[in-house]
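Read through the structure below, which is laid out as structure tokens, and then see the notes.
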Amino acid sequence: MTGEMWDTLWVDVNLATMVDGGEPYGAVRDGAVGISAGRLAFVGPRAGLPGAPQSLAQDVRSGRGRWVSPGLIDCHTHLVYGGNRAHEFEQRLAGASYEEIATAGGGILSTVMATREATEARLLDSALARLDRLLAEGVTTIEIKSGYGLDLPTELKMLTVARRLAKERPVSVRTTLLGAHAVPPEFVGRPDDYIDFVCREVIPAAAKAGLADAVDAFCERIGFTPEQTARVFDAAAVHDLPVKLHAEQLSDQGGAQLAARYGALSADHLEYVSSEGVEAMAQSGTVAVLLPGAFYVLKETRKPPIDAFRRLGVPMAVSTDCNPGSSPVTSLLLMVNMACVLFGLTVEEALAGVTRNAARALGLSRSRGTLEVGKVADLAVWNIESPADLAYAVGANPLHEVVHAGKQGNSRAPR
Ligand code: NIG
Ligand code: FE
């Protein structure tokens with residue numbers, strides 16, 4: 001080959017490129033992947049390589065017929081928090097509802113107390129334990145929200161911990177400021193004053209420190225009104241921060257329309273979204289982030305309107321919503337399974353939900369989410385017969401190896 005050699009070339013692999021519009025899963029059998037300087041330099045059939053493998057790369061590796069997909073992307077998590085809410089799980093099993101527990105001062109607020117008390121080191125440790133479980137299943141990019149501080153130092157502490165995780169492990173982290181998650185004790189009965197505080201102090205401080213990649217809010221009866229949410233979004237716009245929204249999780253507040261009006265990257269949950277909300281999302285290209293873990297744990301019975309999303313072409317992502325209350329989940333593959341079984345996604349849709357569409361929900365479509373030349377070389381290598389195995393085998397973890405930005409990440413011995 002003329003010019004520079006690639007760093008690594010994988011051969012004897014089947015590719016689930018997840019590129020839309022061609023073969024199911026964007027599949028390429030007997031494929032090859034070339035990696036140079038952390039980016040994908042070749043993706044295609046081995047027969048299309050521009051020379052003999054040894055002449056193309058320093059390091060030629062055989063995948064022994066394994067499947068390679070983009071590294072998985074968990075696009076909605078509350079991974080950093082203090083404490084634990086197993087007792088609320090017990091209360092809910094005994095009949096209390098999520099909203100009742102929240103209204104009585106438990107729920108998000110109980111995690112706020114524990115998170116304010118926790119040191120940065122302790123938050124880091126507990127988040128690492130959860131992160132490691134996600135990484136063991138092929139996650140290479142994760143979004144992490146604040147929202148359990150609800151005061152300036154603790155919101156910044158959470159975001160700082162989230163950023164530190166990317167230094168501790170082979171993973172890319174996108175941070176989201178979720179100051180408008182609940183009204184903290186200092187502002188009880190004064191939600192508008194709290195929103196003022198979020199807009200005037202928290203968002204500017206997080207933006208100035210470079211700690212937030214996006215801004216989110218919880219638009220709900222037990223959260224904030226659409227008007228309050230709009231003020232948060234206006235403040236985000238001042239700092240050029242994209243927005244996302246916890247919308248229509250427990251009731252229809254018109255949050256999806258609001259998110260669409262602001263060109264939100266995503267609206268998340270959406271069990272109670274109206275047809276107007278779906279149409280607005282389709283118009284704005286806002287991704288629907290489906291969170292089957294929260295649906296399952298809260299024993300929700302109303303499903304997000306998958307057929308309407310499909311019909312109108314609203315991209316669907318799937319995520320863990322990893323949090324101590326509604327979704328204490330650290331398996332993205334289980335969410336892929338649940339998106340299929342509980343919500344009726346096809347396996348291809350569910351896998352697009354943790355790759356291509358998850359990247360889009362984070363504004364990362366140009367660099368991640370599919371195997372395409374020029375994108376970051378984030379790969380998951382799987383011991384599977386076909387991509388459907390990733391959704392089918394409940395509780396199995398067929399990950400063989402991960403590559404993050406061209407470098408070998410977590411790996412497991414071959415079975
Ligand atoms: O995505 N809905 C609001 N936020 C989280 C739950 C947070 C919690 O219960 O601690 C969610 O479900
Ligand atoms: Fe959430």
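The values are calculated or read from the model by the stated rules, or taken from the named source; none is laboratory data. Quick caveat: nothing in here was measured; it's all calculated off a predicted structure. Because the Cβ atoms are built from the backbone with ideal geometry, glycine has one as well, and the counts that use them run over all protein chains shown.
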Quiz item: Which residues, counting only those in region 344-375, are surrounded by 19 or more Cβ atoms within 10 Å (Cβ to Cβ) and in a loop (DSSP other than H, G, I, E, B)?
Solution: Leu345, Val354, Thr355, Leu362, Leu364, Arg368, Gly369, Thr370, Leu371, Lys375
Quiz item: If you scan region 251-262, which residues turn out to be within 14 Å of ligand 1 (Cβ to nearest atom) and touching a strand residue (DSSP E or B) at 6+ places or on another chain (Cβ under 9 Å)?
Solution: Gln253, Gly255
Quiz item: Which members of region 306-321 meet the condition of being within 15 Å of Ala339 (Cα to Cα) and either within 14 Å of ligand 1 (Cβ to nearest atom) or surrounded by 24 or more Cβ atoms within 10 Å (Cβ to Cβ) (or both)?
Solution: Ala317, Val318, Ser319, Thr320, Asp321
Quiz item: Counting only residues that are over 21 Å from the mean Cα position of the chain (by Cα), within 16 Å of ligand 2 (Cβ to nearest atom) and crowded, with 19+ Cβ neighbours inside 10 Å, which one in region 59-100 is farthest from Gly179 (Cα to Cα)?
Solution: Glu88
Quiz item: Does region 360-380 contain any residue that is in contact (Cβ under 8 Å) with a residue 60 or more places away in the chain and under 26 Å from Lys299 (Cα atoms)?
Solution: yes
Exercise. Would you please name the residue that is surrounded by the most Cβ atoms within 10 Å (Cβ to Cβ), looking only at residues in region 222-249 that are within 16 Å of ligand 2 (Cβ to nearest atom) and not β-branched (Val, Ile, Thr)?
Key: Ala247
Quiz item: Restricting attention to region 333-356, does a residue exist that is touching an Asp or Glu at 6+ places or on another chain (Cβ under 9 Å) and either polar (S, T, N, Q) or outside the structural domain of Leu79 (by TED's automatic domain parsing) (or both)?
Solution: no
Quiz item: How many of the residues in region 229-250 are more than 16 Å from Ala288 (Cα to Cα) and within 15 Å of ligand 1 (Cβ to nearest atom)?
Solution: 2
Practice problem: Name every residue in region 250-269 that is hydroxyl-bearing (Ser, Thr, Tyr) and within 14 Å of ligand 2 (Cβ to nearest atom), in order of residue number. | Solution: Ser266
Self-check item: Criterion (free of Cβ contacts under 8 Å to residues at least 12 places away in the same chain, within 18 Å of the chain's Cα centre (by Cα) and away from ligand 2 (no atom under 16 Å from the Cβ)) met by exactly one of Ala129, Ala121, Ala136
Solution: Ala129
Quiz item: From the list Pro153, Pro170, which one is under 24 Å from Ala317 (Cα atoms) and not charged (D, E, K, R)?
Solution: Pro170
Quiz prompt | Matching residues in region 247-289 - criterion: being of a type in the set (S, T, N, Q) and over 21 Å from Leu364 (Cα atoms) | solution = Gln249, Ser251, Gln253, Gln257, Ser274, Ser275
Quiz item: Can you name the residue in region 168-187 that is in a strand (DSSP E or B) and under 18 Å from Ala217 (Cβ atoms) and is also nearest to ligand 2 (Cβ to nearest atom) among such residues?
Solution: Leu178
Self-check item: Residue in region 379-401 that is of a type outside the set (Gly, Ala, Ser), closer than 28 Å to Ala129 by Cβ, in the same structural domain as Gly82 (by TED's automatic domain parsing) and assigned to a loop (DSSP other than H, G, I, E, B) present
Solution: no
Practice problem: Could you tell me whether any residue of region 296-307 is over 18 Å from Asn357 (Cα atoms), of a type in the set (Val, Ile, Thr) and assigned to a helix (DSSP H, G or I)? | Solution: yes
Self-check item: Within region 292-305, tally of residues that are over 23 Å from Asn323 (Cβ atoms) and either within 16 Å of ligand 1 (Cβ to nearest atom) or hydrophobic (A, V, I, L, M, F, W, C) (or both)
Solution: 0
Quiz item: So which residues in region 316-332 are under 14 Å from Ser266 (Cβ atoms) and more than 9 Å from ligand 2 (Cβ to nearest atom)?
Solution: Met316, Ala317, Val318
